[in-house]
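The values are calculated or read from the model by the stated rules, or taken from the named source; none is laboratory data. Predicted, not measured: the structure shown is a model, and the values here were computed from it. Cβ coordinates were reconstructed from backbone atoms using ideal geometry, including for glycine residues, and neighbour counts include every protein chain displayed. Quick note on the areas: whole protein, heavy atoms, side chains included, nothing else; ligands and nucleic acids left out. Shrake-Rupley method; radii C 1.70, N 1.55, O 1.52, S 1.80 Å.
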Amino acid sequence: MREWILSFGLGVFVAGFAPQLPPYNTIFLFVVPALLSLRYKILSLSGAFCLGLFCLFQWSWTHQEKILPVALEQQDMWVRGVVTGLPQRQENSTLFTFKPESLCQQSDISDCLLLLQTNRHQILLHDYSDVLYLPGQHWLLKVRLKRPHGFANPGSFDYERWLFQERLSATGYVRNDSSSILLDVRRHWLFHPWHDSLRYHLQQKINQLPLAVPGYISALIIGDRYQITDAQWNLLTTTGTNHLMVISGLHIGLVAWLTFNLILVICRAIPALCLIIASPRLAAFIAVIAAFLYACLAGFSLPVQRALVMVICLMSGQLLVRQISPLNSLGLAFSMVILFDPLALQSAGFWLSFVAVGVLLSTLSVNNDKEDVQTLLSRIKILLYCQCYLFIGMLPVMLLFFGQLSLLAPIINLLAIPFVGMLIVPLCLLSLLAGLLSQSLFAFLLSLPDFLLSEVASGLEEVIKIPDIFILPFPTLPVWLWLLLLGAVILQFLCRGLVIKVTGLLVVLFCLNYSPKRPQNNEFMLDILDVGQGLAVVVTTHKHTLVYDTGPSYNPRFNAGSGIIQPFLRNQNLGDPDIVVVSHGDNDHAGGLLALLSYFPTARIYAGEALDQISQLENPPSISHCLSGTKWWWDRVKFEFLYPDRLSLSGNNASCVLKITSGNYSALLSGDIEKEAELTLLKTSRNDLHADIMTAPHHGSKTSSIAPFIRRVAANHVVFSSGYLNSFGHPHADVRQRYEALNTSLYDTAHSGALRFHVSADDGIKSVTGYRQTSPRFWHLP
């Protein structure tokens, strides 16, 4: 049975790496082997593998059919439907999910004589007005939509995969039109609307209380992480405790476990309760109900749904009065979860949950056989064993999904998990029950976990003052090396011989010592990252790294510095950048600077003008101006600023223009310069302006890239760093035509993802690769 489940899971896992979905008429290739395996046992494992392939492909075919067609992108239309989930109020907008029931492809509502029924999945909407949206409300909205799209960069979060997994068929925003109509508030008998309304009601009650850490309280009670501040989230991430503030398998499992044991204690105290139903079965039944109710409060997100399925499967032995081993129950939960949500195998949360539970069950089953668990010393010893094996077992998962390892995290979690899970969470839930009787009692009881959580936060702030030697970054491993690491970790659990365990540890150390190759002397790597409507470039030589522009800050919770550039540097094992160049102060070029400096405070900064972002810091770093003539050499590669030529400039025409040269080949980074700056460069740079690669000035705006300038540069490769379907219309059609007239190869990060140019003094441009082409996935839509 376990082999069949593993084979089925392997099929789902392998299918998730398909660059594109196979044609629907190939379905028989997966179904026939699965059917034959029912008759011929020798084909059972191969049949399970094919069934896994079919499961994911069928799920994906069904969803892909409901994604917004290309023809409807950026078109005003009217949609009628219901607000689902818990709307999140952000700094200048409200984010909410909306389930369309019918639509009209007209911009004027008077032209919509009939709204056509639609079977599309939910859409994700922003509303930049002050309209208050509540769960269950039925609206008629004027919207502008686009297909699911995200940034594509090595090491960063795959937003498109998340949208696909959440079955969101489009994203967009509500048009600022007073014709939007609130029709009514739906009252379905299904749990989804009422549980969202309950969450909203609790959110309002929590916000009314004078709490020290309301974000943590909201996260633990109703699964609302949006009230956790950036500083708080960074604190949790740095200390490896962010999973404690996200309702997931850990919290659902602890609630079920505490409820199960509480009912057993009550049954022992009141034996009459067991006259009709055995106490373990009653305890398991109530534990599942408690887990379900807590899942309702948490919003029934996909991680919470997976956790609930795990709890039901793990309690199935007690519910069915059958002797089912914990590992078999875990295997059943594994198969049920991926049958319900096949793309779960591509997410970190799935593996963190199942690997952690699997390691704990294996460790406890082995040590319970060896130890007398009745003594306190034995229990402490088993607890330490569990933590040690959890650290080893989670190693491949942490390196695969996060690229770093905290040596302090196991110690912190050893104390924090039982403290939060067995004390704070029960206190939060107890306060909810008390709130049914009295608001004042609710406020009093909730003040206890609030105080404890504030003390936990204070302790974590002291911990992060410890030097960074306890945070170990690791590069992305090649597939063969990652499989070798996985095999070595598995050996630690399956084999008991000392020699094999030591060998396995040596293999682990060998894998962790891997370092990807950097460019040789006389070479440089130019990575133009996909940051949307903005610019961020990473230049790498043999021993040095430079960051040119830091991309935009989109909202208080996401910016290109922490969300794209820092994960890329970590993924490529590039270490701290030596120099950060900020061409000028506009948000789309400097928005990620503060976040980047929080990771790399020692980097030297060049800028074309004074930066307002730096003035926000208590101890602002010194900034050098990127005046023309400033030059330096790294590993036989020349860096030189060609512009600006004076300090009095501001705005786009103050942008630093940096030329990077290796032998006879060069790249020109032009920032947001416009016509005036280009004319100045034509007068002052003379023969120094030619480059083989250039970032298009001002993202391809019609105010830049004048014909004399692009003829003088004569670049073979020009990159437009612009956002997908951006409102500015970049790159402008006339600008593209000017470059095309010179037979220039044009690239757009919105469609190619991050672009990499490998430049050598001897071989010229050795390679040009786009991340969407080198790492295709079927959820990355064309």
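If you take the square roots of the eigenvalues of the alpha-carbon gyration tensor of region 682-782 and sort them as a ≥ b ≥ c, do you get rounded (a/c under 1.5), prolate (a/b over b/c) or oblate? Oblate, because a/c is 1.5 or more while a/b does not exceed b/c.
Helix 249-269 versus the longest principal axis of the chain: what angle, 0 to 90°, nearest 10, using Cα atoms? Relative to the chain, helix 249-269 is tipped by roughly 10 degrees.
Take the Cβ atoms of V321 and D76, set R0 to 56 Å, and the FRET efficiency comes out at 0.40. Restricting attention to region 559-697, close to 60% of DSSP beta bridges with both partner residues there are antiparallel.
Remark: the Cα gyration tensor places region 282-328 in the oblate category, a/c being 1.5 or greater and a/b not exceeding b/c.
Here the peptides 34-40, 145-151 are ranked by packing, the mean other Cβ count within 10 Å, and the order with the highest first is 145-151, 34-40. Expressed to the nearest 5 percent, the antiparallel share of DSSP beta bridges inside the chain is 75 percent. Taking a straight line from the alpha carbon of K501, these lysines sit under 22 Å away, with near neighbours fewer than eight places off in the same chain left out: K370, K381. Once the chain from R281 to L209 is taken as fully extended at 0.36 nm per residue, the excess over their C-alpha distance is 22.0 nm.
Between D688 and L264, the distance separating the two model label sites (each 7 Å from Cα on the Cα→Cβ line) works out to 7.7 nm.
On the basis of the beta-carbon distance and an R0 of 25 Å, R711 and I765 show a calculated FRET efficiency of 0.80.
Computed about the Cα centre, the dipole magnitude for the chain is approximately 1960 debye when only Lys and Arg (+1) and Asp and Glu (-1) carry charge, each at its Cβ. Charge dipole of region 602-680 (Cα centre as origin; +1 on each Lys and Arg Cβ, -1 on each Asp and Glu Cβ, all else neutral): 420 debye, rounded to the nearest 20. Simple rule: put +1 on each Lys or Arg Cβ and -1 on each Asp or Glu Cβ in region 1-154, find the dipole, and look at L43, L95, H138; the Cα lying farthest toward the positive end is L43. Working ranking of peptides 19-30, 316-327, 450-461, 286-297 by packing, defined as the average number of other Cβ atoms within 10 Å per residue, highest first, is 286-297, 450-461, 316-327, 19-30. Using +1 at the C-beta of Lys and Arg and -1 at the C-beta of Asp and Glu, which of G651, S670, F600 has the Cα lying farthest in the positive direction of the dipole of region 599-670? Of the listed residues, the answer is S670. Using +1 at the Cβ of each Lys and Arg and -1 at the Cβ of each Asp and Glu in the chain, identify which of S722, I67, Q439 lies farthest towards the dipole's positive end. Farthest towards the positive pole: I67. In a fully extended conformation the segment linking E461 and L441 would gain 4.1 nm over its present Cα-Cα distance, using 0.36 nm per residue. Note: relative contact order over the chain, using C-alpha pairs below 8 Å and six or more positions apart, is 9 percent.
At an R0 of 45 angstrom, the distance between the Cβ atoms of F13 and L198 translates into a FRET efficiency of 0.80. Would you calculate the separation in nanometres between label points at S650 and S46, each defined as 7 Å from the Cα along the Cα-to-beta-carbon direction? Spacing of the two 7 Å Cα→Cβ label points: 7.3 nm. Shape of the chain from the C-alpha gyration tensor: prolate (a/c of 1.5 or more and a/b above b/c, with a ≥ b ≥ c the square roots of its eigenvalues). Within straight-line reach of K631, meaning a Cα separation under 30 Å, sit the following lysines at least 8 residues removed in sequence or on another chain: K517, K543, K659, K675, K683, K766. In this simple spin-label model, placing a label point 7 Å from the Cα along the Cα-to-Cβ direction at both D108 and F28 gives a separation of 5.3 nm. In order along region 698-705, phi translates into HN-Hα couplings of 6, 6, x, 5, 6, 7, 10, 6 Hz, rounded to whole numbers, per the Karplus curve 6.51 cos²θ - 1.76 cosθ + 1.60 with θ = phi - 60° and x for Gly and Pro.
Listed by chain and number, the aspartates and glutamates placed with their C-alpha closer than 12 angstrom to that of K205 amount to none; residues fewer than eight positions away on the same chain are left out.
Each peptide in 646-656, 539-549 receives the mean, over its residues, of other Cβ atoms within 10 Å, and ordering these scores from highest gives 539-549, 646-656. A 1.4 Å probe run over the chain, with the rest of the protein chains in place, finds 47 Å² accessible per residue. For the chain, the mean residue ellipticity at 222 nm estimated from helices alone is -13500 deg cm²/dmol, where every DSSP H run of n ≥ 4 contributes -39500 (n - 2.57) and the total is divided by all residues, rounded to the nearest 500.
Karplus-derived 3J(HN,Hα) values for region 223-228, using 6.51 cos²θ - 1.76 cosθ + 1.60 with θ = phi - 60°, are x, 9, 7, 5, 8, 6 Hz; glycine and proline are entered as x. Taking the Cα centre of each part, how many Å lie between region 57-101 and region 550-570? After rounding, the separation between the Cα centres reads 25 Å. Close amide H partners of G150, meaning residues 5 or more places away or on another chain with modelled amide H under 5 Å apart, are E160. Using Cβ point charges alone (K and R +1, D and E -1), the dipole size of region 83-158 about the Cα centre works out to roughly 180 debye.
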